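Here's the structure we're looking at; comments come further down.
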Amino acid sequence: MIDILQINPGIWLILSGIICTLVPNGPLTQLTRKCLVIGAPVFTAFMITQIFTSDIVVAGLITIADIELTTLRIDSLSMVWGYLFCLIGVLNGIFGLHEKCRITDSSALIYSGAAIAGVLSGDLLTLFLFWELTAISSVFLVWRGGEHAYAAGVRYLALHVLSGVILLIGAVIHARFNGGSYVFNHIGLQNLGGWLILLAIGIKCGFPFLHMWMQDAYPKASITGTVILSAFTTKMAIYTLARGYVGTEILIYIGAVMTCFPVFFALVENDLRRVLSFSLNNQLGFMVCGIGIGTELAINGVVGQVFVHVIFKSLLFMSIGAVIYRVGTAKASELGGLFRSMPITALFCLIGAGSIAAFPLLAAFVTKAMIISSVIYEAHHNSVLYLIAAMLLFASAGVMEHSGIKVPYFTFFSHDSGRRVKEAPWNMLVAMGLAASLCIFLAFPWGGYQMLYDLLPYEADYKPYTVDHVVFQLQLLFAAITAFCILKKSGLYPAEKRSEILDFDWFYRKCGFHIVKSINRAWNALDARLFSTTRDVSNSINRRLYGVFSPIGGFSKTAPSGLSAVMTAAMLILVLILVYFVR
């Protein structure tokens, strides 16, 4: 008898996704699929609640070829990701109720299930299995974006499969240095395996020079696909960092760079979904930096920021997705004035924008400051961290510029594009309304943020609503607003143009194209040379054989035709004699 409490809860979502692929299209079956899309995450959250009854639960132990696998491990850290992924799965399901696509429904369930199963895994091999499953299942959400999404999806899949291969190689090497154990705890950088695993995580997490897949694939995915994609892959990578690399100093500097460089790209980008993708990379930088600091305050800030970030980032992608659904574009140069037609969507977008900018009374205000404060506290021991803190503050102001102002301003306000459309469908409004309500509730001064703090892995006595913090944050935000107004009025703010900003992947694509072209040219030349040489040798041998054995050849001239018959008979007799004696 199988104990269902020994089964990784993410498996239930994966099975639901497989069932969705088997349910045919039709009014009744469509309703069945949508019930699965929304109900399966709820059931998964219930199963996590039933399993997690103490500080840590380890179950699902399997031994394969003398390798012990721990397919289920829930503790105070992984539990937060499990509940969060279930929550966002429900919101995504509601947002996509209008879609009648079986591929989207099944892919979303398998993708979210693989992410949950991955963060609840207790060993590196199980993690690798679900790591790859997230890549394979999510690429269909990219391809649903249309013909222009196919190439982006191929690049997305290739890079993420490569990440999984590097993770597996790193896990094998790491286990070799740890007595053959694949247990997924702190990894560090003591051996080559640790470095390779960090590289694999860096691809999914969007480290500098490895981040381009987000800006390449996310804006080209389907409307609901982008919302779903923004929630799982990168946050799963943040979890693996928080599990395996807490206190790794190099992450402080990587994270600081991640927070800053997307600001400049986002300011000049015209596609608003690409703006939000750059903003996603910026927010991941805060989390990576906090993991590098590694103190209890920093880790609490990281976990809290992950929780609220998934919600308000999904809300922003939902609002832009609703605009695309009604207008057909996310180009800032073609939008503006939509608050007249879509006032509710505009309000929800403003709440999401205020949340990501960390306005008081909105989500990130109660979490992001914990990360920055932890950096400042540790700067007393390392003066370089003062520079890191300054970079994080600059990045916070930059978030206000591109996500807090640019996204809602150019979408719903700015110049009037003359478009008059319907408000977003009711299911989109419900999903956005729930996300917006959470952005407010989780930052509410009287009880709301404390409920969030109760989920954190360490006891949190941080007080976000102090006079110093509120005043400083308002000064930072209003300085960013003032800078935007001055630049806009003076004409110095980058104009919205119908163009696509080149990222670092330009070097990969250009250099890669020329490298492949050069290799192909060299191979063709080598092949032609080999073919020519082989052909000459073959012709020479054929001519010699023909000259000897042809009817007019030398052998025919010097030997009578009966001689060949006699020789053949002699050889046959010899073979028969040998076979007889061998037997």
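The values are calculated or read from the model by the stated rules, or taken from the named source; none is laboratory data. The model shown is predicted, which means the values in this text are computed figures rather than measured ones. Neighbour counts are summed over all protein chains in view; Cβ atoms, including those assigned to glycine, are modelled from backbone coordinates with ideal geometry.
Here are a few things to note about the model shown:
- Flag for ILE356 being of a type in the set (Val, Ile, Thr), under 30 Å from GLY418 (Cβ atoms) and in contact (Cβ under 8 Å) with a residue 24 or more places away in the chain: yes
- Comparison of GLY89, GLY82, GLY93, GLY113 shows that the only residue that is closer than 20 Å to ILE291 by Cα, in a helix (DSSP H, G or I) and not aliphatic (A, V, I, L, M) is GLY82.
- The residues of region 77-97 that are touching a Phe, Trp or Tyr at 6+ places or on another chain (Cβ under 8 Å) and surrounded by fewer than 22 Cβ atoms within 10 Å (Cβ to Cβ), listed by number, are LEU77, MET79, VAL80.
- Within region 262-272, the set of residues being surrounded by 24 or more Cβ atoms within 10 Å (Cβ to Cβ) and part of a helix (DSSP H, G or I) comprises PRO262, ALA266, LEU272.
- Taken as a whole, the structure places LEU347 among residues that are surrounded by fewer than 24 Cβ atoms within 10 Å (Cβ to Cβ) and either small (Gly, Ala, Ser) or in a helix (DSSP H, G or I) (or both).
- Qualifying residue in region 52-65 (condition: hydroxyl-bearing (Ser, Thr, Tyr), exposed (fewer than 13 other Cβ atoms within 10 Å of the Cβ) and not in a strand (DSSP E or B)): yes
- Among residues of region 41-69 that are closer than 24 Å to SER181 by Cβ, those with a beta-carbon under 7 Å from a residue that is among the aromatic types (Phe, Trp, Tyr) and modelled with pLDDT of 90 or more at least six positions away or on a different chain give the pairs ILE67/TYR182.
- In region 456-468 there is at least one residue matching the filter, namely being over 33 Å from the mean Cα position of the chain (by Cα), modelled with pLDDT of 90 or more and among the polar types (S, T, N, Q).
- Counted residues, region 437-490 - those being without any contact (Cβ under 8 Å) to a residue 60 or more places away in the chain and in a helix (DSSP H, G or I): 19
- Any hit, region 376-386, residues being touching a residue at least 12 places away in the same chain (Cβ under 8 Å) and among the small types (Gly, Ala, Ser): no
- Residues in region 399-410 that are buried (at least 24 other Cβ atoms within 10 Å of the Cβ) and not β-branched (Val, Ile, Thr) were compared, and the one that is nearest to GLY354 (Cα to Cα) is GLY404.
- Enumeration of residues in region 218-244 that are at pLDDT 95 or above and not in a helix (DSSP H, G or I): none
- Members of region 8-41 that are out of contact with any strand residue (DSSP E or B) (no Cβ under 9 Å at 6 or more places or on another chain) and not in a helix (DSSP H, G or I): VAL23, PRO24, ASN25, GLY26
- Residue within region 386-408 that is part of a loop (DSSP other than H, G, I, E, B), assigned by TED's automatic domain parsing to the domain that holds LEU347 and on the phi < 0 side of the Ramachandran plot present: no
- Subset of region 522-545 (residues that are among the hydrophobic types (A, V, I, L, M, F, W, C) and more than 51 Å from the chain's Cα centre (by Cα)): VAL537, ILE541, LEU545
- Within region 227-244, residues that are surrounded by fewer than 24 Cβ atoms within 10 Å (Cβ to Cβ) and charged (D, E, K, R) reach partners that are modelled with pLDDT under 95 and part of a helix (DSSP H, G or I) with beta carbons closer than 8 Å, at six or more positions or on different chains, in the pairs ARG243/SER78.
- Every condition in (1) surrounded by fewer than 23 Cβ atoms within 10 Å (Cβ to Cβ); (2) over 13 Å from the mean Cα position of the chain (by Cα); (3) among the small types (Gly, Ala, Ser) holds for ALA135 except the one numbered (2).
- Region 3-39, residues that are surrounded by 17 or more Cβ atoms within 10 Å (Cβ to Cβ), of a type in the set (S, T, N, Q) and touching a helix residue (DSSP H, G or I) at 6+ places or on another chain (Cβ under 7 Å): ASN8, SER16
- Residue selected from region 509-545 under the condition among the aromatic types (Phe, Trp, Tyr) and modelled with pLDDT of 70 or more, by the criterion farthest from VAL263 (Cα to Cα): PHE531
- Among the residues of region 430-474, the ones that are closer than 27 Å to PHE348 by Cβ, surrounded by fewer than 19 Cβ atoms within 10 Å (Cβ to Cβ) and not aliphatic (A, V, I, L, M) come to 12 in all.
- Some residue of region 282-294 being surrounded by fewer than 20 Cβ atoms within 10 Å (Cβ to Cβ) and assigned to a helix (DSSP H, G or I): no
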